[in-house]
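See structure below.
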Amino acid sequence: MVTRPLEFFGESGKERLQVSISYAASVAEAFWASDVARVVYIPSVTVAPVIEELVRRDGGADGVSPRVTPLSREEEAVGVAGAAALCGKLGGIVMQDNGFGNALTALTTWTLSYHLPLLIFANTRGSLGEYNSMIHSISTAVPRLLEATGIHYLELDRRSGPEDWGAVVREAANHAQMTFRPVVVLGSFWNTDGRLA
Amino acid sequence: MKRIEALEVLAELTAQHPVVVTCAATSRELASVKDSDNHLYLLDSMGLVGSVMTGLALGRDASLPKVVGLEGDGSLLMNPNVLPTGGYLKPEMLMVLLDNEVYGSTAGLPTYSSEVNVEELAAAAGWATGRAPDQQSLRSEYARLLQVTGRPGFLHVPIEAGNAAEIPKLLIDPVRITHRFSRWLASADKPSGSRETVAE
Ligand SMILES: [Mg+2]
């Protein structure tokens, strides 16, 4: 477990908190604590620390470990990770929220329709801290896209600490298995210890 | 060779294998030849056969027979990413590409495969490939590629355009497919005498 002081900004202004784990490490720890069998990812600068922590905790390096591998596109990830459920396992995806446009047909016609539990963690690009003038156009709409298609999602941001992020990811994995559906956790790293693009 | 003639051979050859089947006419025709619990019909999700095969091949119990996919040219070309992904992850599985050079379930509109050699695409991505234009070579090439280890196999099967007549639609709730396929998968590594009956 990484132990270092962490600065972040709470609702009431700048606060200095001593926390035991980074946000990215907490998410990664929650994936493995939830018995996720395999994680596939589509990279982003912001979500890279989560991938690095997943790989490190799985004994790998340079973006690859026995249970963590890259894929080329989000719909592929839904196909590959969703199939784990047929083998009685839980698959995981780490991605960026601008890929939900690519993923949506696979999420709905495959994992949702076939009742396949799946855990997805995605960093967000549609709001605070975003520099890119184009990415808002897809990312801001993602919660409403997920809502319109009946895909359950949970939102995390600066207002809760790393431990809460980890707890939410663990319970999201549980919820996916209880409901036999994909569950998405959207994480905004703005004003956390995370890296923005 | 018509699609249904290829499927008659493939239904027999894949009887003990997990089989992922592309949507619409291919799924319907296979189900009309033989409907079986080891068939995972993708009722929509064009382009996802290779991805679902990959997930199954990586997640399956090592004692299970090799995952086989029955894919169409239009569907593969909708998500050709599965070829480099297969070359990179090297799942042990066999994709059978039924290639009629058209979107057979979508008004027979053309795909790229009359101009682009999909077998060479697969080979360039690292797949072991073969070609089977008739039922005899389908049997022999299927058997040969099934033995390949350390990388995925790709069997290119040219077929005539057109769908078999009077084949009923597959009007199944997908969750029933999940249920029967995952139960079959869970029992498939046991001796056949001890298997549960999962017919619905
Ligand atoms: Mg076709």
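The values are calculated or read from the model by the stated rules, or taken from the named source; none is laboratory data. Remember, predicted model here, so these are calculated numbers, not experimental data. Counting neighbours? That spans all protein chains shown, and the Cβs are built from the backbone with ideal geometry, glycine included. Side chains included, ligands, DNA and RNA excluded: accessible areas come from the protein's heavy atoms. Shrake-Rupley method; radii C 1.70, N 1.55, O 1.52, S 1.80 Å.
Report, by residue number, each residue of region A:138-171 that is touching a residue at least 24 places away in the same chain (Cβ under 8 Å) and of a type in the set (D, E, K, R). Once the filter is applied, which keeps residues that are touching a residue at least 24 places away in the same chain (Cβ under 8 Å) and of a type in the set (D, E, K, R), region A:138-171 yields A:155, A:157, A:158, A:159, A:163, A:170.
Test residue B:167 against the stated conditions and say whether it is modelled with pLDDT of 95 or more, in contact with a Ser or Thr (Cβ under 9 Å, 6 or more places away or on another chain), under 21 Å from residue B:75 (Cα atoms) and within 16 Å of the ligand (Cβ to nearest atom).
When the stated conditions are applied, residue B:167 passes them.
Does region B:168-176 contain at least one residue that is at negative phi, more than 14 Å from chain A (Cβ to nearest Cβ), touching an Asp or Glu at 6+ places or on another chain (Cβ under 7 Å) and in a loop (DSSP other than H, G, I, E, B)? No - not one qualifying residue is present in region B:168-176.
Please find, within region A:33-44, the residue that is surrounded by the fewest Cβ atoms within 10 Å (Cβ to Cβ) out of those that are at pLDDT 95 or above and touching a strand residue (DSSP E or B) at 6+ places or on another chain (Cβ under 9 Å). In this case the residue turns out to be A:37. Of all residue pairs spaced 6 or more apart or on separate chains, those with beta-carbon atoms under 9 Å, a first member in region B:32-55 that is at the interface with chain A (Cβ under 8 Å from one of its Cβ atoms) and a second member that is open to solvent by 10 Å² or more (accessible area, probe 1.4 Å) and in a strand (DSSP E or B) are B:55/A:38.
Name the residue, out of A:123, A:174, A:132, A:102, that is in contact (Cβ under 8 Å) with a residue 12 or more places away in the chain and open to solvent by less than 20 Å² (accessible area, probe 1.4 Å). The unique qualifying residue is A:123. Residue B:106 meets the conditions (1) within 8 Å of chain A (Cβ to nearest Cβ); (2) over 14 Å from the mean Cα position of the chain (by Cα); (3) within 16 Å of the ligand (Cβ to nearest atom) in every case but one. The failed one is (1).
Looking at the structure I just gave you, is residue B:101 open to solvent by 80 Å² or more (accessible area, probe 1.4 Å), touching a helix residue (DSSP H, G or I) at 6+ places or on another chain (Cβ under 6 Å), within 15 Å of the ligand (Cβ to nearest atom) and not aromatic (Phe, Trp, Tyr)?
yes
Restricting attention to region B:26-81, the residues that are assigned to a loop (DSSP other than H, G, I, E, B), buried (at least 24 other Cβ atoms within 10 Å of the Cβ) and away from the ligand (no atom under 16 Å from the Cβ) add up to 1. Would you confirm whether or not region B:113-127 contains a residue that is more than 14 Å from the ligand (Cβ to nearest atom), touching a residue at least 40 places away in the same chain (Cβ under 8 Å) and within 17 Å of the chain's Cα centre (by Cα)? Within region B:113-127, one or more residues are more than 14 Å from the ligand (Cβ to nearest atom), touching a residue at least 40 places away in the same chain (Cβ under 8 Å) and within 17 Å of the chain's Cα centre (by Cα).
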